Every structure is written in structure tokens, then in C-alpha cells.
1. Quantify how much of the Cα-Cα distance distribution of region 56-125 extends past 16 Å, in percent.
2. Using Cα atoms only, what is the angle between the long axis of helix 47-57 and the major principal axis of the chain, expressed in degrees (0 to 90) to the nearest 10?
3. Which value, in Å³ per residue, describes the convex hull spanned by the Cα atoms of the chain?
4. Mind pulling the angle between the C-alpha long axis of helix 15-27 and the longest principal axis of the chain? Nearest 10 degrees, somewhere in 0 to 90.
5. Quick one: check the C-alpha center-to-center distance for region 77-91 versus region 10-74, whole angstrom.
6. Angle between the Cα long axis of helix 92-108 and the longest principal axis of the chain, 0 to 90 degrees, nearest 10?
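Any read-out appearing in this document is the output of simple, stated calculations on the displayed coordinates, not a laboratory observation. What you are looking at is a predicted structure, and each value in this text was computed from that prediction instead of being measured.
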Ligand code: ADP
């Protein structure tokens with residue numbers, strides 16, 4: 001049984017995240033979307049809401065589970081029975097930080113592997129922070145987020 005953990009803040013989950021999850025579904029038997037409860041920034045949506053929105057957004061994918069996590073990713077992944085995590089690479093700008101993270105995780109846990117996937121071109125410039133900002137300023141983000149997220153953003157920003 002091949003499992004992969006896909007960690008992130010998902011504040012909120014976007015169509016770029018969903019694109020990556022759908023790709024992972026084709027490669028792994030089970031995909032665990034791990035919503036980080038420890039974030040250094042004050043999130044727009046609290047952990048419970050980010051979890052709920054992620055769950056609703058992947059409801060069409062039976063092999064995907066959504067769960068919260070805190071603490072070290074390598075430790076959490078071990079409890080999930082895997083040492084493979086998935087991260088997304090959009091532009092070159094993601095690379096430096098992701099390489100650091102992957103190297104640190106491997107240092108903390110030899111045998112730990114980080115797998116990178118790239119999204120479809122139309123999501124290459126999409127980020128949760130941009131979605132939050134455009135939404136806050138009254139822009140239409142319906143093309144960039146799943147329906148439940150769109151509804152939650154409208155509720156938040158009107
Ligand atoms: P984090 O705060 O851990 O970076 P995010 O929720 O912003 O959490 O992102 C989680 C993962 O998804 C990261 O690896 C990020 O690069 C990737 N990701 C975010 N947006 C996209 C996108 N539009 N396409 C592909 N991957 C993405």
C-alpha cells in the first residue's frame with residue numbers, strides 16, 4: 001500500500017492544491033492531506049475551518065484523507081505509515097525553500113523522501129496568499145478555488 005502525505009497550510013485550499021492531489025491519487029493508493037495546525041502567521045481560517053474546507057473540496061476523491069497535524073513532519077509521517085511526502089513546485093522561486101525543507105527533513109530522518117509535482121500551467125501562479133488578497137479586495141476568485149472555499153471567502157469578505 002503506497003501512501004503519501006501532502007502537508008501544507010491550506011489557508012485556504014486552492015485549485016492548485018487540488019490539481020496536485022489529483023495527480024498524487026494516480027501515483028499512490030492513499031493520499032493524506034495534512035493541514036498544519038502550527039503556523040507562524042495568523043491564518044485567515046482557523047485549523048478546523050481549513051480542515052473542513054479541504055475535506056469538502058476532496059470529497060470526490062475516495063482515496064484522499066484530510067487530517068490536521070502539528071509538530072515535526074517526519075514524526076507525523078511516520079505515524080501515517082509513510083516516509084514519502086509530496087510538495088508542489090510552481091516557479092523557480094519555490095525551489096530554494098523547498099530544497100532546504102527537503103534536505104532538513106532527510107537530515108532529521110534518513111530514508112525520508114520528498115516528491116515534487118508541478119501543477120497544470122493555469123495554476124502555476126496561484127497561491128493561497130494571492131487568493132486571500134484578491135478576495136479581500138473584492139475580486140472574483142471563483143476560477144481559482146473549489147466551491148466551498150469560494151462560499152467561505154464570500155461569507156468572510158462579502
Ligand atoms: P506551506 O505554507 O506549507 O507552503 P501551502 O498551503 O501554501 O503551505 O502549500 C502547500 C504545498 O502546496 C507547497 O508545497 C506549495 O508549494 C504547494 N502549492 C501551493 N499552491 C500551489 C499551486 N498553485 N500549484 C502547485 N502546488 C502548489
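1. 59
2. 90
3. 109
4. Taking the Cα atoms of the chain, the angle to 15-27 is about 30 degrees.
5. 12
6. 40
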